[in-house]
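Chemist: Below: one structure in structure tokens.
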Amino acid sequence: MSDQISIPAVYMRGGTSKGLLFNKHYLPKVQSELDKYLLAAMGSPDLRQINGIGGATSVTSKVCIISKSTQKNVDIDYLFAQVIIDKAKVDYGPTCGNMLSAVGPFSIENGFIDAEEGETKIIIRSVNTGSIIEAVVPTPKKKIKYMGDFKIDGVPGKGAPILLKFKNLVGGTTGKMLPNGTPNIKVKGIEVTCLDISMPIVMAKASDFGISGNETSNELNKNLELLNKIEEIRVIAGAQMGLGDVSGKVIPKFALLSRPLNGGTITSRYFTPNTCHETHAATGTNCIASACLISNTIASQISQIEVKQENKVTVEHPLGSIDCFVETCLSTADNKNDFIISCGIYRTSRKIMDGKIYIPQNINDH
């Protein structure tokens, strides 16, 4: 008899992230026990995550827990868990839009949803934030299609496009689009915008932090003075957003914005929050794209685009760009909670491994 516990799991890439997907049925219901399982599966706390399946980066240390929803007009409940690499901690505060692109295919292949001919629409609830997402998954002949001709920056090769349309995405954490009641506040002399759309973000001009905004993620991650300054501002702004002491927490995120260089709408360097994302988070894209359309925010000052009912906003990131399609209500003032109706992005996903993950039976000893 083995001294390890086996749990059915699927290892998938979702957008520019990668992680484990579980059927909720196979996991502990008590959160403290669940935390131990996920930490062991990923190999945390350890900077290399050598004793687990985690990839030793924030974008490869993720878990999706999937179940059939009991809520009316919702198909799937999706609980996201960010497993911290170097600490014995699992954060359920944020969600992950990139991994969302793997939720639809997983749900179909694991019998939660029946595939339709051509494409399958799945209504997903983010348990973390309460937001609703419509995922449109290509299913020719009622089978999942992973391969295709659609390219997303930050992922080698091409795949089949999956549309993620985020709805009721305003104020999921703080209850307000503008938690401070104004587009801008000053923190230690620096102007910042605090916004809660899909993901709470504190955003500022890259130039106010002494950088151009076009540096690589590796360059920024080596700039300890910059990272310390970002964290200092983020913690103060987080408290002013009503989030309490956000030290050691992964929300709010932080973004440094600048003018685009390659024909996009805006350039973003997105921090998660203690390292710069190699590409860009999908939920963070929703927030920054929306900010470009809201008067007097840092993003709108830089982008200066004309606001329409249907808006394509292209966010440039370290490895390319990502398009976001933002629907607005032009009859509503742009500083009101109902101004942003939805945000849509295209992602791809791929199933990498389907089997069992093993964790120590005496998990309290590890």
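Chemist: Does I66 meet the test of being under 30 Å from T139 (Cβ atoms) and either touching a Lys or Arg at 6+ places or on another chain (Cβ under 6 Å) or in a strand (DSSP E or B) (or both)?
Modeler: Judged against the criteria, I66 is a match.
Chemist: Residue check: is A41 touching a Gly at 6+ places or on another chain (Cβ under 6 Å) and at pLDDT 95 or above?
Modeler: yes
Chemist: Still on this structure, I have one more. What do you reckon, is I108 in a helix (DSSP H, G or I) and of a type outside the set (S, T, N, Q)?
Modeler: So I108 fits the description; yes.
This table checks each residue for (1) over 23 Å from I65 (Cα atoms); (2) in contact (Cβ under 8 Å) with a residue 12 or more places away in the chain; (3) outside the structural domain of S69 (by TED's automatic domain parsing); (4) not polar (S, T, N, Q).
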residue	(1), (2), (3), (4)
E116	yes, yes, no, yes
S131	no, yes, no, no
P138	no, yes, no, yes
G157	yes, no, no, yes
F166	no, yes, yes, yes
E191	yes, yes, yes, yes
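Chemist: Oh, and also: Select the strands (runs of 3 or more DSSP E) contained entirely in segment 162-230, then report the ones holding at least 1 residues which are over 17 Å from N335 (Cβ atoms) and not hydrophobic (A, V, I, L, M, F, W, C).
Modeler: Hits in segment 162-230: 162-167, 185-187, 199-205.
Chemist: Among the candidates M177, M203, M199, which residue alone is out of contact with any Lys or Arg (no Cβ under 8 Å at 6 or more places or on another chain), within 24 Å of F80 (Cα to Cα) and surrounded by 14 or more Cβ atoms within 10 Å (Cβ to Cβ)?
Modeler: The match here is M203.
Chemist: Here is a follow-up. Name every residue in segment 13-29 that is closer than 19 Å to I345 by Cα and either in a strand (DSSP E or B) or of a type in the set (V, I, T) (or both), in order of residue number.
Modeler: Within segment 13-29, R13, G14, T16, S17, K18 qualify.
Chemist: Ok, one more. Hey, could you check segment 71-84 for residues that are part of a loop (DSSP other than H, G, I, E, B) and crowded, with 17+ Cβ neighbours inside 10 Å and say which is nearest to the chain's Cα centre (by Cα)?
Modeler: By that ranking, first place goes to I84.
Chemist: Here's a follow-up. Just to verify a result, which residue in segment 248-272, among those that are modelled with pLDDT under 95 and more than 21 Å from G175 (Cβ to Cβ), is surrounded by the fewest Cβ atoms within 10 Å (Cβ to Cβ)?
Modeler: G248
Chemist: May I pose another question? Going through K68, K87, K62 one at a time, which residue ends up being surrounded by fewer than 18 Cβ atoms within 10 Å (Cβ to Cβ), within 27 Å of L243 (Cα to Cα) and among the basic types (K, R)?
Modeler: The match here is K87.
Chemist: Now a separate question. May I ask you to list the residues in segment 315-346 that are of a type in the set (S, T, N, Q) and surrounded by fewer than 20 Cβ atoms within 10 Å (Cβ to Cβ)?
Modeler: Result: S331, T332, N335, N337, S342.
Chemist: Please state which one of L47, L34, L38, L100 is closer than 18 Å to H277 by Cα, part of a helix (DSSP H, G or I), assigned by TED's automatic domain parsing to the domain that holds K121 and among the hydrophobic types (A, V, I, L, M, F, W, C).
Modeler: L100
Chemist: Identify the single condition in (1) closer than 19 Å to L169 by Cα; (2) crowded, with 19+ Cβ neighbours inside 10 Å; (3) of a type outside the set (S, T, Y) that K121 does not satisfy, given that it satisfies every other one.
Modeler: Going through the list (1) closer than 19 Å to L169 by Cα; (2) crowded, with 19+ Cβ neighbours inside 10 Å; (3) of a type outside the set (S, T, Y), K121 breaks only (2).
The values are calculated or read from the model by the stated rules, or taken from the named source; none is laboratory data. If you're wondering where the values come from, they're calculated on a predicted model, not measured in any experiment. Note that each Cβ is placed from the backbone with ideal geometry, even for glycine, and that neighbours are counted across all protein chains shown.
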